[in-house]
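Novice: The following block contains the structure, expressed as structure tokens.
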Amino acid sequence: MRNLGAPEGRTARVAIFLSGGGSNAREILARHRALGARSPIDPVAIVTDRPDDPACGAARLGGEFGVPVLGHDVRAFYRERGLARVSVATPEGMRAREEWTDALRLRLAPYEIDFAVFAGFELLCNIAADFPCLNVHPGDLTQRRDGKRWLVGLHTVPIERAILAGLGELRSSVIVATPYGGAGTDDMDRGPLLGISTPVPIDCCGRTPEELAAAAARRPAERPPRGFGDVLEEIARRNQERLKEGGDWVVFPQVVFLVAEGRYALDAGGRVFFRREPGEAPAPVRRLVFGPSGIEECA
């Protein structure tokens, strides 16, 4: 059995990966600051693939919380190789992504990272093969169809699926991300599930199920680079923002700190074990539900 977190007796050395504004990262860093010397994490680096993007919050967060920022620009990396688009859809693009990841590995080595936190890190890469990478996902990954998780995927896809299926609520899930091997964008959402948030009601903003289904039916086969721009996507984005506050910010920091405390372990098959109290033997768990005041359900 493999314990997540740091070796016993050491504060967990954590790298926080982000591509966007970093609101999830801020929640974790603010909790770390509030705990002071009692914090079980040592944030050793903020890593971003978009260091020159004004919308990226890595530099601001690094300055605010005193954490070194490691910028590894994926767009510049692709341009240097003569590739106009950052993508893994072609053999050349996939090769560039692997080279980008290998270069990142070299830069991360001196930090001796125990685990990473994907706090809005959008890039598909296989850095998760190097150390545990915790990812928060905008979908309830306990939901299954045909024996598989189905609220998976990038961008607003999980929320759109929930809306179109007539579900009344959303939850955020925290998983150990699996390495991206090129099999499809859903494969990184198949990792061990560490916890889900309490539910957040879906708000369809006055639109009928028929209207939303019709919008989905009109879509082209391939998602445009800037999204579909239709009413379904807009409503999904609004719900995603609500879920971030009522879901991500509830479950993600709690799981990160419990991992750092050594409360989680995985067996060889990826089954999740949890210590209800520090120092006790870990027991297998299928479902941990986190609310604002802590764990509400442990089964």
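The values are calculated or read from the model by the stated rules, or taken from the named source; none is laboratory data. These numbers come from a predicted model, not from an experiment. Methodologically, a virtual Cβ is constructed for each residue, glycine included, from the backbone with ideal geometry; neighbour enumeration extends over all protein chains shown.
Novice: Go through (1) farther than 25 Å from residue 30 by Cβ; (2) of a type in the set (A, V, I, L, M); (3) surrounded by fewer than 18 Cβ atoms within 10 Å (Cβ to Cβ) and name the single condition residue 295 misses.
Specialist: The one condition residue 295 does not meet is (1).
Novice: Continuing with this model, one more query. Looking for whichever is at pLDDT 90 or above and more than 17 Å from residue 158 (Cβ to Cβ) here; the options are 211, 222. Which one fits? Break it down stepwise before answering.
Specialist: Values: 222 fails: at pLDDT 90 or above.
Within the list 211, 222, the selection yields 211.
Novice: Let me ask something else. List pairs: first residue in the range 272-283 and without any contact (Cβ under 8 Å) to a residue 24 or more places away in the chain and closer than 13 Å to residue 261 by Cα, second residue acidic (Asp, Glu) and outside any strand (DSSP E or B) anywhere in the structure, Cβ distance under 9 angstrom, at least six positions apart or on different chains.
Specialist: Filtered contacts from the range 272-283: 275/261; 278/261.
Novice: Could you check the range 1-84 for helices (runs of 4 or more DSSP H) lying wholly inside it with 3 or more residues that are under 30 Å from residue 279 (Cβ atoms) and in contact (Cβ under 8 Å) with a residue 60 or more places away in the chain? Explain how you work it out, then say what you get.
Specialist: Details: elements: 23-35, 58-65, 74-80.
It comes to 23-35.
For every residue, the table says whether it meets (1) closer than 18 Å to residue 115 by Cα; (2) modelled with pLDDT of 90 or more; (3) hydrophobic (A, V, I, L, M, F, W, C).
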{"site": "10", "(1), (2), (3)": "yes, no, no"}
{"site": "36", "(1), (2), (3)": "no, yes, no"}
{"site": "42", "(1), (2), (3)": "yes, yes, no"}
{"site": "47", "(1), (2), (3)": "yes, yes, yes"}
{"site": "78", "(1), (2), (3)": "no, yes, no"}
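Novice: From the list 105, 97, 149, which residue is surrounded by fewer than 18 Cβ atoms within 10 Å (Cβ to Cβ), over 21 Å from residue 237 (Cβ atoms) and not small (Gly, Ala, Ser)?
Specialist: 105 is the lone residue from the list that is surrounded by fewer than 18 Cβ atoms within 10 Å (Cβ to Cβ), over 21 Å from residue 237 (Cβ atoms) and not small (Gly, Ala, Ser).
Novice: Does any residue of the range 88-95 turn out to be in a helix (DSSP H, G or I) and within 20 Å of the chain's Cα centre (by Cα)?
Specialist: Filtering the range 88-95 down to residues in a helix (DSSP H, G or I) leaves 91-95.
From what's left, within 20 Å of the chain's Cα centre (by Cα): none.
No, the range 88-95 contains no residue that is in a helix (DSSP H, G or I) and within 20 Å of the chain's Cα centre (by Cα).
Novice: Sort out which residues of the range 118-139 are under 13 Å from residue 191 (Cα atoms) and outside any loop (DSSP other than H, G, I, E, B), and write them in order of number.
Specialist: Passing the criteria: 128, 129, 133, 134, 135, 136, 137.
Novice: Okay, moving on. So, in the range 30-49, exactly how many residues are surrounded by fewer than 24 Cβ atoms within 10 Å (Cβ to Cβ) and of a type in the set (A, V, I, L, M, F, W, C)?
Specialist: Residues in the range 30-49 being surrounded by fewer than 24 Cβ atoms within 10 Å (Cβ to Cβ) and of a type in the set (A, V, I, L, M, F, W, C): 6 in total.
Novice: Look at the range 241-296 and say how many of its residues are outside any strand (DSSP E or B) and β-branched (Val, Ile, Thr).
Specialist: From the range 241-296, those outside any strand (DSSP E or B) are 241-263, 267-271, 275-282, 285-287, 292-293; that's our starting set.
In the following step, the residues that additionally are β-branched (Val, Ile, Thr) were identified as 250-251, 255-256, 259, 285.
Qualifying residue count for the region: 6.
Novice: Give me the residue from the range 222-236 that is touching a His at 6+ places or on another chain (Cβ under 9 Å) and surrounded by 15 or more Cβ atoms within 10 Å (Cβ to Cβ) and, out of that set, farthest from residue 118 (Cα to Cα).
Specialist: Going through the range 222-236, the residues touching a His at 6+ places or on another chain (Cβ under 9 Å) turn out to be 223, 227, 233, 236.
Keeping just the survivors that are surrounded by 15 or more Cβ atoms within 10 Å (Cβ to Cβ) gives 233, 236.
Working: 233: 23, 236: 21 Å.
The extreme case among them is 233.
Novice: Would you call residue 200 buried (at least 16 other Cβ atoms within 10 Å of the Cβ), β-branched (Val, Ile, Thr) and within 22 Å of residue 297 (Cβ to Cβ)? Talk me through it step by step, then tell me what you get.
Specialist: Details: buried (at least 16 other Cβ atoms within 10 Å of the Cβ): yes; β-branched (Val, Ile, Thr): yes; within 22 Å of residue 297 (Cβ to Cβ): yes.
Yes.
Novice: Which of (1) over 30 Å from residue 281 (Cα atoms); (2) of a type outside the set (Val, Ile, Thr); (3) without any contact (Cβ under 8 Å) to a residue 60 or more places away in the chain; (4) not in a loop (DSSP other than H, G, I, E, B) does residue 160 not meet, given it meets every other one?
Specialist: Status for residue 160: all satisfied but (3).
Here's the yes/no breakdown for (1) more than 25 Å from residue 222 (Cβ to Cβ); (2) of a type outside the set (Val, Ile, Thr); (3) in contact with a Pro (Cβ under 8 Å, 6 or more places away or on another chain):
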{"residue": "33", "(1), (2), (3)": "yes, yes, no"}
{"residue": "56", "(1), (2), (3)": "yes, yes, no"}
{"residue": "66", "(1), (2), (3)": "yes, yes, no"}
{"residue": "70", "(1), (2), (3)": "yes, yes, no"}
{"residue": "90", "(1), (2), (3)": "no, no, no"}
{"residue": "95", "(1), (2), (3)": "no, yes, no"}
{"residue": "108", "(1), (2), (3)": "yes, yes, no"}
{"residue": "112", "(1), (2), (3)": "yes, yes, no"}
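Novice: Only one residue in 263, 219 is surrounded by 13 or more Cβ atoms within 10 Å (Cβ to Cβ) and under 21 Å from the mean Cα position of the chain (by Cα). Which one?
Specialist: Details: 219 fails: under 21 Å from the mean Cα position of the chain (by Cα).
Just a single option satisfies the conditions, and that option is 263.
Novice: Look at residue 68 and say whether it is at pLDDT 95 or above and surrounded by fewer than 18 Cβ atoms within 10 Å (Cβ to Cβ). Break it down into steps so the answer makes sense when it comes.
Specialist: Numbers: at pLDDT 95 or above: yes; surrounded by fewer than 18 Cβ atoms within 10 Å (Cβ to Cβ): yes.
Yes; evaluated as a whole, the condition is true for this residue.
Novice: Considering only the range 64-108, state which residues are closer than 19 Å to residue 127 by Cα and among the basic types (Lys, Arg).
Specialist: Scanning the range 64-108 gives 75, 95, 97, 105, 107.
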